[in-house]
Amino acid sequence: MALRLERIQVGEAEWDRMDAFSDRVVFQTREWLDFVARTQAAQPVVAAVLDGSERVGHFTGLIIRRFGIRILGSPFPGWTTESMGFNLLEGVDRREAAAALIPFAFRTLGCAHLELKDRRLEKDDLGAFGYASEPTRTFELDLSADEDEIFGRMSSACRRAIRRGMKVGVTVEEASGTAFADEYYRQLVEVFARQSLVPTYGVERVRALISCLEPTGRLLLLRARAPDGLPIASAIFPAYNGTAYFWGGASTREHQVLRPNEAIFWHAIRYWRDRGVTTLDLGGGGEYKRKYGPRELRLPLFRASRFRALPILREIARRAVDRRQALLGRRRGGQVVPRTRSL
């Protein structure tokens, strides 16, 4: 029998059972759904994947409304959410589940557009089912080796930067509490200002992330201090089920010579490795990430629309957001540079 999806009320979902799936990622957890719902005015969607009457998996996403159009994102660009998609029992066809998602999104949920990024789907998997796709990029760092091997895979310049930070007295500490969001965001504004840009989200999003995720123990907040104790860099790393993610990082320009960013990454690598994490996803964009010795991956973002014009409107909206960011950045003076993809 063909697979089908049946919606589950969020309050009635068996979260412990869902979290036990081997392909579960942090972006599918209840706490992450709460974070996206709060920051995007979105409606969480949890569905059972059924083969006849047997439950063989689950789907996770959220509904938003843009320009009067209902959109199902799993996830949607701009949510600072890397991937969602399905959790399926071994042997269940993920392509068939994605095919069943289209009638569920368009008929059951009444959406006109659907976006899907599932790490276990390949770029050619869904063309026959009415999906278009575009490539996205990320960098993955293998943490399964010992520390010496991980350190040795980094570029020589990166290793020197880490040693320099230690030598001059840069310290990295684990932070906590929503007040960290303000510290991080002040540094982030400075980072974007260097490129005559402004951040793509507000400090409220960072506060919401900490509020939702920190109680679970799945969120690492790091702060680097100069030898005199001044905070000079910060970063955020969520993790779950063997994989950690670089959600965001920032630093002050005048202290770059102390190399605090490399010190933070080295601390995060060791912290999550010691807790059984085997992969650190560094996110897309940013050629600087290559110095940590990752492998580059191309992952497809799939989309489907009920109406032919919607993909065109989506692209127009994306360009409008880029233009708005550029105009805001010009108010700070300087030349605008293109935006890069990140988590």
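The values are calculated or read from the model by the stated rules, or taken from the named source; none is laboratory data. This one's a predicted model, so the numbers in the text were calculated from it and none came from an experiment. As a convention, Cβ positions derive from the backbone with ideal geometry for all residues, glycine included, and neighbour counts pool all protein chains shown. What goes into the accessible areas is simple: the full protein's heavy atoms, side chains included, and nothing from ligands, DNA or RNA. Shrake-Rupley method; radii C 1.70, N 1.55, O 1.52, S 1.80 Å.
Checking each residue in segment 162-181 for being assigned to a helix (DSSP H, G or I) and either of a type outside the set (A, V, I, L, M) or surrounded by 12 or more Cβ atoms within 10 Å (Cβ to Cβ) (or both) picks out Ile162, Arg163, Arg164, Gly165, Met166, Lys167, Val168, Phe180, Ala181.
Any residue in segment 3-30 that is within 18 Å of Phe104 (Cβ to Cβ) sitting within a Cβ distance under 8 Å of a residue that is open to solvent by less than 80 Å² (accessible area, probe 1.4 Å) and charged (D, E, K, R)? List the pairs, counting only those 6 or more apart or interchain. Taking only residues 6 or more apart or on different chains, the pairs are Leu3/Asp51; Leu3/Asp93; Leu3/Glu96; Met18/Arg24. One residue alone among Val36, Val26, Val56 is buried (at least 17 other Cβ atoms within 10 Å of the Cβ), more than 16 Å from Leu121 (Cβ to Cβ) and over 13 Å from the mean Cα position of the chain (by Cα), and that residue is Val56. Taking segment 1-23 as the range and being over 16 Å from Leu89 (Cα atoms) and surrounded by 18 or more Cβ atoms within 10 Å (Cβ to Cβ) as the test, only Ala13 passes.
Out of Arg275, Arg270, which single residue is open to solvent by 50 Å² or more (accessible area, probe 1.4 Å), assigned to a loop (DSSP other than H, G, I, E, B) and either out of contact with any Ser or Thr (no Cβ under 6 Å at 6 or more places or on another chain) or not hydrophobic (A, V, I, L, M, F, W, C) (or both)? Steps first, please.
Details: Arg270 fails: assigned to a loop (DSSP other than H, G, I, E, B).
When all the criteria are applied, what remains is Arg275.
Scanning segment 198-242 for residues that are surrounded by fewer than 21 Cβ atoms within 10 Å (Cβ to Cβ) and of a type in the set (Ser, Thr, Tyr) yields Thr200, Tyr201, Ser211, Thr216. Listed by first and then second residue, the pairs linking a residue in segment 276-305 that is within 26 Å of Arg160 (Cα to Cα) to a residue that is among the charged types (D, E, K, R) and part of a loop (DSSP other than H, G, I, E, B), with Cβ atoms under 8 Å apart and 6 or more places separating them unless they lie on different chains, are Asp281/Glu82; Gly283/Glu82; Gly283/Arg341; Gly284/Arg341; Gly285/Arg341.
Of all residues in segment 121-129, one or more are of a type in the set (Lys, Arg) and part of a loop (DSSP other than H, G, I, E, B).
Looking only at residues that are under 25 Å from Ile63 (Cβ atoms) and out of contact with any Gly (no Cβ under 8 Å at 6 or more places or on another chain) in segment 128-145, which one is most open to solvent (accessible area, probe 1.4 Å)?
Phe129
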